[in-house]
1. Taking the convex hull of the Cα atoms, report for segment 119-222 its projected area averaged over all directions, in nm².
2. Can you tell me the convex hull volume per residue for segment 13-82, based on C-alpha atoms, in Å³ to the nearest whole number?
3. Using a Gaussian network for the chain with springs between C-alpha atoms less than 10 Å apart, which of these wobbles most: Asp115, Asp140, Asp86?
4. Going toward the positive end of the dipole of the chain, with +1 on Lys and Arg Cβ and -1 on Asp and Glu Cβ, which of Ala24, Val82, Ser187 do you reach last?
5. Taking the Cα centre of segment 64-131 as origin, sum charge times position over the Cβ atoms of Lys and Arg (+1) and Asp and Glu (-1), and report the length of that vector in debye to the nearest 20.
6. For the peptides 195-202, 71-78, what is the packing order when you average, over each peptide's residues, the other Cβ atoms within 10 Å and list the highest mean first?
7. How about segment 63-159: which chymotrypsin sites (Phe, Trp or Tyr not before Pro) there are in a DSSP loop, with at most 12 other Cβ atoms within 10 Å of their Cβ?
8. Which of Gln117, Gln175, Gln161 moves most in a GNM of the chain, Cα contacts under 10 Å?
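Where a number appears in this text, it was derived from the coordinates with a stated rule and is not lab data. As the structure is a prediction and not an experimental result, all values here were calculated from the model. Cβ coordinates were reconstructed from backbone atoms using ideal geometry, including for glycine residues, and neighbour counts include every protein chain displayed.
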Amino acid sequence: ASVPVLTIDGPSGSGKGTISRLVAEELGWRLLDSGALYRAVGYAAGAEGLDLSDVDAVTRCAQTTKIRFHATADGSDTRVLVNGHDATDELRTETAGAAASAIASIPSVRQALVDMQLAFRKTPGLVADGRDMGTVIFPDARFKVFLTASAAERAKRRYKQLKEKGLSVTLATLQREIEARDARDASRTVAPLKPAVDAVFIETTGMGIEDVVAKVLAVVRP
Ligand code: C5P
């Protein structure tokens, strides 16, 4: 039988990142943070001084950028190396999120990242976090979840996350940025953010992390 995959798709701030990590740990499965790949390409393109709307240049950048995930010695954190440089902190900013969203609307950029994503599928299983995991990359996944939360709640969660990382943002600005990014992700023609027809919907507004993790695990182990 094929290696089991659990896809977790949803908009930014829906808690996908945290939930996917905890669920993968609990199952002992590998984790694919596909957003980090788009963020890494956006970051690399910026570092090279590319115009993010220059399709050919950004596509070449997506094809050549070396992205490595690497666990810290104590295993508590994953660092992202972009062309050998630890860009983890830069990748978490909302600026990097916006750059990722811009280059993610280019079909040839998405195509350049397909094989890298498929390669994460290894025994005993994979938790894949993103926007199109259940629809485009792993349409045959055994388990599919779509996480949502109200825009206000998602902005609040991101705000808390960024604050904890010491980044200075205002809640109002962040909510505007998140809504703009979601609107772009949902309206693009290639791999738009939309639930797979066979995904289990989990509305997480007002729910604690533990409860969401339990609900997602129940999809895999009913
Ligand atoms: O999930 P994260 O916020 O890190 O994703 C950053 C951006 O990358 C998203 O706003 C989206 O535009 C893009 N993305 C995507 N497809 C994925 C994951 C992320 O288009 N599978």
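1. Values: hull surface 32.4 nm².
Answer in nm², one decimal: 8.1.
2. Values: hull volume 7.4 nm³, N = 70.
Dividing the Cα hull volume of segment 13-82 by its residues yields 106 Å³.
3. Residue with maximal mean-square fluctuation among Asp115, Asp140, Asp86: Asp115.
4. Working it through, the farthest residue towards the positive pole turns out to be Ala24.
5. Values: 8 positive and 8 negative charges, 74 e Å.
The calculation lands at about 360 debye.
6. 195-202, 71-78
7. Numbers: sites: Phe69, Phe120, Phe143, Phe146, Tyr159; in loops: Phe120.
Passing sites in segment 63-159 do not exist.
8. Among Gln117, Gln175, Gln161, the largest GNM mean-square fluctuation belongs to Gln161.
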